[in-house]
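The values are calculated or read from the model by the stated rules, or taken from the named source; none is laboratory data. Computed from a prediction, not measured in an experiment: that's the story for all the values here. Cβ: placed from backbone, ideal geometry, glycine included. Neighbour counts: every protein chain shown.
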Amino acid sequence: MDDLNQLLLGFQVALTWHNVLFMVVGVLLGIVVGVLPGLGGPNGVAILLPLTFGMDPTSAIILLSSIYWGALFGGAITSILFNIPGEAWSVATTFDGYPLAQQGRAGEALTAAFTASFIGALSGVVLITFVAPLVAKFALRFGPAEFFGVFFLTFCSFIGMGRENKAKIVASLALGFLLAAVGLDTISGDLRLTFGAPELMKGFDFLVVVIGLFGVSEILLTIEEGLHFKGKRAAIDLGVVLRTWAGLPRYWATLIRSSVVGMWMGVTPGGAIAASFMGYGLAKRFSRRPDAFGRGEIEGVLAPETAAHAAGTSALLPMLALGIPGSATAAVLLGGLMIWGLQPGPMLFIEKKEFVWGLIASMYLGNLAGLLIVLATVPVFAAIMRIPFALVAPIILVVCAIGAFTVESSRFDIWLMLIFGVVGYVFKKLDYPLAPLVLALVLGDRAEDAFRQALLGSGGDLSVFFSNALVSSLMILGLLLLVWGPLGDLRQRLTRRGGNDQPPREIAGSGAS
Amino acid sequence: MGIAVRAAIGVLLLTVTSAQAWEPTKPIEIIVPFPPGGASDQMARTIQGAIQKGNLVKQPIIIVNKPAAAGGEAMLDIQKSAGDPHKLITTSSGIYMTPLATKLPVSWKDFTPVAMMAQDAFVLWVNAAKPYKTAQDFIEAAKTAAPPLKTGGNGSKREDHLISVTMEQATGTKITYVPYQGGGPASVQLAGGHIDANMNNPAEEIANWRSGSVKPLCVFSPKPMEYTQKVTADMAWSDIPTCPSQGVNVTYQMLRGMFMPGKVTPEQQAFYVDLFQKVSQTPEWKAYLERNALVPDFRAGQSFVDFLTEDERKHKDLMTKAGFIATN
């Protein structure tokens, strides 16, 4: 209960006029950062960091963490409206959010996304409030083998339920792994697959690829189909917020599941990106209508958004309690803390109580302020869909190009974005799924590093992936999810045929990918 | 009237100074060859803060992170910007190590050295729960351990990997080095007991040291650090013995400095030398040094070039012995 008293004190700090003002300003800036692809949370926070050097640390962190909330909210907007994920963790939101917008249900999708974000973030903050030091210790149990287990589980949960042609999923995944391998290899310190070209040295930036694959290819498709948005007739009023809310309690199980997945991934630096994909994959797996996913299912928006925000928020916990940033933005905030003379780590909770609890209180308030601000803007953003496509398309393309350029300030990336736009177009025409490619591109490198680090430590012994309860359960859960989908399909087919339905023996393949 | 007078004086001053020296005419870009939040990034942002607070330059300072290829991309960028006096790059030992390890066609000799701001020490850290009390205990344990003890750190063929291999060779032990992506993860892995030791900079371990999850055995410097203020209940940075005094004859320190692109004029170079000289006197910079337990060592001009030449020779030597030089 001591903690609750501390939290009340925190609210007193956070609720002063100037801190509330910083919160609102931060959220607004964050939305802008989130909407512009490429600018991104870490860059946004890094750019504004010097402005806060003169401020007192509590106000400064409130401003910067509010930018973080705003960016988390903002990332959903372009994903839903234009199929362009403003942030990496919004990719999974496009899968159902964009089809919804095309069906004229942009308002619903936005409301669902924002509300889910809020619920996810709230569960993350509650976690931080009550079990901070306890949970933070858990992150210490993650060595390379456990990290690989998490990535393995993410791949399995996402792929095991894929309804597309399995060979096409594997092809798309393999291309993603190949792209992820380009650049400097952490383990050997050598450059790989760069063919001596300096442009390839930095590898393929995830955002550049995604902007091309999703955004640019979508524009190409729309142009082919005759230059009009399908979702023009969106009903635009604030009533859509209330109507959507009325339908949300039905999805309680998805919301809880995604929150748990997200919190877990945030604390065990798996990160918001992995969490959003896993949340989406699990929701599809457990849904009664898995076939509706990808065609405009509200649940498909709720699941990744809840998970991403729960993860994004929980990621601040290991940063504060252990000094381990759970995300890139958290890493920049960590740098900020040190510049303000605060040393993150277990001592922070003891030595700088008012700062920690002021920050935690501001998480509650900042998210609430964020939700109110973004909900109020739903009609504005939904109205964009009414502008003729011939006017919007060039603007989107320019925003995409700026986004691709901003990531690394590299002109080459704009060309890369256009090339991947064509790749995405071809993929869609040939009915290859894009999601496995993106997933492999984001996590492939890290999964490979973790795999090789674990084997370095064990001297090449594969049993390291089953050496303790934590990593074993991760691997077994992953294998189960991987075979669950195909086995379920098989059983369905067999029972339909009325034949002998003895399931084939499961073959537990090795974790190598 | 006051304003008019002040403006007139201002114009006068401007004309006087521009007649004598070069001044930046557009925003100054500081390229950081590492990701946001890392040690180099913090240094650049501290400098940015100190310059802005003290109003040392009229033009704004912009920080650009180019972390690709262990800083190789950033170095190529500076190489291409020859003659551009509005660009700077923060440097660490990577300025020799990355080209040697990757065969990138770039060298610090293509750049203009501006100033060395400080040196960063490396410390041998172990998990506090382990029985090792001295560096010698650790080495003894490493001699008999099977499988070998594990160290972990920044990345393959980077500073701490070099220390790990040099330590192996100096003490006749076998140690497995696990490359992580940066000192942060290596610090967490040590606190979690997944590796047996790491060779992190003071700033990377201070939090875990204070919380009692890791402890320092020795510092890879020729003499102890000079910060005498207690960091934990009973120890200060200055209380950590040097590794050579513990029988581990390995010393290694990393420079933290600033370079400009090649082919800039001496006036332009002089402007920045003067600027960083001023920065090194600001309270912000001094607080930064103490917070990160850096070794203050400001050098410019010939003494900086001499340092670089000698330091590069040392790296080439160590890296050749360690087998880090790219062969293909």
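Among A:463, A:473, which is the only one that is small (Gly, Ala, Ser), surrounded by fewer than 17 Cβ atoms within 10 Å (Cβ to Cβ), under 25 Å from the mean Cα position of the chain (by Cα) and at pLDDT 80 or above?
Working: A:463 fails: under 25 Å from the mean Cα position of the chain (by Cα).
Among A:463, A:473, only A:473 is small (Gly, Ala, Ser), surrounded by fewer than 17 Cβ atoms within 10 Å (Cβ to Cβ), under 25 Å from the mean Cα position of the chain (by Cα) and at pLDDT 80 or above.
Figure legend. Inter-residue proximity from segment B:235-252: first residues assigned by TED's automatic domain parsing to the domain that holds residue B:136, second residues part of a strand (DSSP E or B) and not polar (S, T, N, Q), beta-carbon distance below 6 Å, spacing 6+ or different chains. Indicated pairs: B:236/B:230; B:240/B:216; B:240/B:219; B:241/B:218; B:242/B:219; B:243/B:218; B:246/B:218.
Residues that are surrounded by fewer than 19 Cβ atoms within 10 Å (Cβ to Cβ) and not small (Gly, Ala, Ser): does segment B:256-264 have at least one?
Initial filter on segment B:256-264 (surrounded by fewer than 19 Cβ atoms within 10 Å (Cβ to Cβ)): B:262-263.
Going one step further and asking which of them are not small (Gly, Ala, Ser), we end up with B:263.
Checked against the condition, which is being surrounded by fewer than 19 Cβ atoms within 10 Å (Cβ to Cβ) and not small (Gly, Ala, Ser), segment B:256-264 yields at least one hit.
The residue list B:173, B:151, B:144 contains one member that is assigned by TED's automatic domain parsing to the domain that holds residue B:212, in contact with a helix residue (DSSP H, G or I) (Cβ under 6 Å, 6 or more places away or on another chain), surrounded by fewer than 21 Cβ atoms within 10 Å (Cβ to Cβ) and not hydrophobic (A, V, I, L, M, F, W, C), which is B:173. Note on segment A:402-413: among residues that are closer than 18 Å to residue A:83 by Cα and crowded, with 18+ Cβ neighbours inside 10 Å, the one that is modelled with the lowest pLDDT is A:403.
Working carefully through the options B:35, B:85, find the one that is modelled with pLDDT of 90 or more and assigned to a loop (DSSP other than H, G, I, E, B).
On the way: B:35 fails: modelled with pLDDT of 90 or more.
Testing whether each residue is modelled with pLDDT of 90 or more and assigned to a loop (DSSP other than H, G, I, E, B) leaves just B:85.
Considering only residues in segment B:280-320 that are within 14 Å of chain A (Cβ to nearest Cβ) and of a type in the set (Gly, Ala, Ser), the one that is surrounded by the most Cβ atoms within 10 Å (Cβ to Cβ) turns out to be B:293.
From the list B:281, B:302, pick out the single residue that is among the polar types (S, T, N, Q) and outside any helix (DSSP H, G or I).
Working: B:302 fails: outside any helix (DSSP H, G or I).
When all the criteria are applied, what remains is B:281.
Just so you know, in segment B:52-70 the residues that are assigned to a helix (DSSP H, G or I) and facing chain A (nearest Cβ under 10 Å) include one that is surrounded by the most Cβ atoms within 10 Å (Cβ to Cβ), and it is B:70.
Just one residue in the set A:370, A:457, A:403 is closer than 30 Å to residue A:125 by Cα and part of a helix (DSSP H, G or I); that residue is A:370.
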